Amino acid sequence: MNLRIVAGSAGGRRLKVPKGRGVEIRPTQDRIKQAIFSALGNRVPEARVLDLFAGTGALGLEALSRGATRALFVEQNRTACQCITENIALCGFTVGVGAEDQGRVLSQDALDFLRRTPPTPYDLVFADPPYDKTKSDTGLHPLFAAITPWLGTDGILVWEYFSGQSLDHLPPGLRILLQRRYGETGICFLTPGTPSASE
């Protein structure tokens, strides 16, 4: 599988994709990444980014390439975490836990991380959970509820999901800004707030 950074300072760089037993990664296709970042526009430069279920780190890295200041990558699989670390270096960004480091990788279940860590507001949150974890409201709503405190006042959650799934019944605290479908992949942009009567 060929996976690359689409644009920005690391544009064109090929990313590594983790392989091996127990590694199930569904990287976001380049055309969908392009659509996501075209929609985000000037929200990306200077943004602080949280990349949940990070996989290869492609979304967080695309944001760094386009001018985001820092990105935290949360991924449960250790092989994938090693791959993210290597991809950060491949793109020319610094990785670590220092104040000047652009990327930080955390090997932890995303929901556990969100619930057990005091929330810090982020400008952009990317979440691409396994489809089987969020195919019903019982899996979807706890994740939305856990993510919401991590969004800044004007923060945006970019949610990737199976396009056949309905997002008609959002939990309190989030409203939809934009929703698009690309074959089996759905992309939804959400922000803190109360849905209007038309949503």
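Throughout, read-outs are computed from the coordinates displayed, never taken from laboratory work. From a predicted model like this one, the values you see are computed outputs, not experimental measurements. All Cβ positions, even for glycine, are placed from backbone atoms using ideal geometry, and neighbour counts span all protein chains on display.
Taking packing as the residue-averaged number of other Cβ atoms within 10 angstrom, the listed peptides 88-95, 50-57 run from highest to lowest as 50-57, 88-95. Comparing mean-square fluctuations of Val17, Val49, Val97 from a GNM of the chain with C-alpha springs under 10 Å, the top value falls on Val97. Given labels modelled 7 Å from the Cα in the Cβ direction, how far is it in nm from Arg180 to Arg115? Spacing of the two 7 Å Cα→Cβ label points: 3.3 nm. Using Cβ point charges alone (K and R +1, D and E -1), the dipole size of region 51-111 about the Cα centre works out to roughly 40 debye. Taking the Cα centre of the chain as reference, the dipole from Cβ charges on Lys and Arg (+1) and Asp and Glu (-1) amounts to some 460 debye. Between Thr79 and Leu167, the FRET efficiency estimated from the beta carbon spacing at R0 = 25 angstrom works out to 0.20.
How many Å³ per residue does the convex hull of the Cα positions in the chain occupy?
Working: hull volume 23.2 nm³, N = 199.
Here the figure is 116 Å³ per residue.
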